[in-house]
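**Student:** Before I ask anything, here is the structure I am working with.
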Amino acid sequence: MRRRSLLIAVPAGLVTLAGCGDDDGSDSGQGSDSASPSNPDGSAAPSPKIVDGPLPAITAGTKFGEKPTVAKGEGEPSKDLAVKTVIAGNGKVVAENDYLQANYLGQIWATAKVFDNSYDRKTPLLIQLSQGRIIDGWRYGLVGKKVGSRVEMAVPPELGYGKEGNAQAGIKGTDTLVFVVDIEASFNSKSSAKGKTVAQNDADLPKAGTNTDGKAPSIEIPKTDPPKKLVANYVIEGDGDAVAAENTVLVQYKGVQWSNGKEFDSTYANKQLVSFALAQVVKGWSQGLTGKKVGSRVLIVIPPDLGYGDNPPQGSGIEKGATLVFTVDILAKM
């Protein structure tokens, strides 16, 4: 059985920009009056037929990364999923279950009403292309596209928000939706930090491996007493933006106990990246990652008072009062 992440204080899951998922309080994103492409009910449609049109014209903002203006749909839309690569990128190919970082605009075919866009927020969406995490129009339409591409899609209701639509966003159950998506990056279980290796010269601190092949880095614990204060040092320093306390991050990580070097949790072992808001994790993580750059690997040593103290998660194997040691690869932020 795949182990559940021990770091999250509340259930970890998809972070949406618009809170259009189930009304169970589990969405950890910020709500808005719009609708992001998260899956409304977790159900999956059969693999659809994909056609190349019709699709409305993009009349302005035609470059990758620019907010597009899209014309009203002409005539009746296809009952199939219409997908067109408007700008072909040359990056890695997007696969199902990848995490996708993208800017997008969504509007209604019949009226050209824009119901959501990330360009105005100046924050790309970070979302997983997997069943139950995203509408099927995106899941089927974006798989196989390359990073750096702009993709336009016309999504019929059964591959979007279904017969219920999304009343908050003004989407009816009969509406075909038009999306323009700029794919900025994709990540999977083999993704690693990218950057400059930083010297690890303090003999009293653990030493972390610097491999970037997607495999778990080693962690060597010194035969000394653990530090009583938080340690958060670069192992590999990336060149991305600094992480802020209010951000959501996508990470690879490995955690061991200082006392015995025993691994108790790892995305590498689980073969599944983790996305979470820094407000959801133990203080040692939130404090240790704040200010660090995207693309980096960070060594974090967490004393008990900033970790789990005398109340470790049941069944975790973590000792009471344990000092915890992590390597954390910061892949993306939102």
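The values are calculated or read from the model by the stated rules, or taken from the named source; none is laboratory data. Source: prediction; values computed, not measured. Cβ: placed from backbone, ideal geometry, glycine included. Neighbour counts: every protein chain shown.
**Student:** Cβ-Cβ distance below 9 Å, separation of 6 or more or different chains: which pairs start in the stretch 153-175 with a residue that is among the hydroxyl-bearing types (Ser, Thr, Tyr) and end on one that is in a helix (DSSP H, G or I) and buried (at least 17 other Cβ atoms within 10 Å of the Cβ)?
**Tutor:** Qualifying pairs under 9 Å: TYR161/ALA169; THR174/PRO157.
**Student:** Check LYS254, LYS215 and return the single one that is among the basic types (Lys, Arg) and buried (at least 20 other Cβ atoms within 10 Å of the Cβ).
**Tutor:** Every option except LYS254 fails the conditions.
**Student:** Right, here's the next one. Check SER191, SER218 and return the single one that is closer than 16 Å to VAL256 by Cα, at pLDDT 95 or above and polar (S, T, N, Q).
**Tutor:** SER218
**Student:** Scan the stretch 283-304 for residues that are part of a loop (DSSP other than H, G, I, E, B) and among the polar types (S, T, N, Q) and jot them down.
**Tutor:** THR290, SER296
**Student:** Filter the stretch 96-142 for residues that are small (Gly, Ala, Ser) and surrounded by fewer than 18 Cβ atoms within 10 Å (Cβ to Cβ); which is modelled with the lowest pLDDT?
**Tutor:** Step by step, filter the stretch 96-142, then rank; the result is GLY132.
**Student:** Considering each residue of the stretch 196-227, count those that are closer than 18 Å to LEU324 by Cβ and within 23 Å of the chain's Cα centre (by Cα), and give that number.
**Tutor:** Total meeting the criteria: 2.
**Student:** Can you give me the number of residues within the stretch 305-319 that are part of a loop (DSSP other than H, G, I, E, B) and within 15 Å of VAL282 (Cβ to Cβ)?
**Tutor:** Adding up the residues that qualify gives 9.
**Student:** Given LYS67, LYS72, which one is modelled with pLDDT of 95 or more, part of a loop (DSSP other than H, G, I, E, B) and within 25 Å of ARG133 (Cα to Cα)?
**Tutor:** Just one listed residue meets the conditions, LYS67.
**Student:** Name every residue in the stretch 295-334 that is of a type in the set (Val, Ile, Thr) and surrounded by fewer than 19 Cβ atoms within 10 Å (Cβ to Cβ), in order of residue number.
**Tutor:** Within the stretch 295-334, none qualify.
**Student:** Just checking, which of SER130, SER149, SER118 is over 22 Å from THR248 (Cβ atoms) and of a type in the set (Ser, Thr, Tyr)?
**Tutor:** Exactly one of SER130, SER149, SER118 is over 22 Å from THR248 (Cβ atoms) and of a type in the set (Ser, Thr, Tyr), namely SER149.
**Student:** Something else now. Restricting to the stretch 222-243, name every residue that is crowded, with 19+ Cβ neighbours inside 10 Å, among the aliphatic types (A, V, I, L, M) and part of a loop (DSSP other than H, G, I, E, B).
**Tutor:** VAL243
**Student:** Return the residues of the stretch 263-279 that are assigned to a helix (DSSP H, G or I) and of a type in the set (Val, Ile, Thr); say none if nothing qualifies.
**Tutor:** Residue satisfying the conditions is THR267 alone.
**Student:** Of the residues SER259, SER286, SER266, only one is modelled with pLDDT of 95 or more, outside the structural domain of SER130 (by TED's automatic domain parsing), surrounded by fewer than 21 Cβ atoms within 10 Å (Cβ to Cβ) and in contact with a Lys or Arg (Cβ under 6 Å, 6 or more places away or on another chain); which?
**Tutor:** SER266
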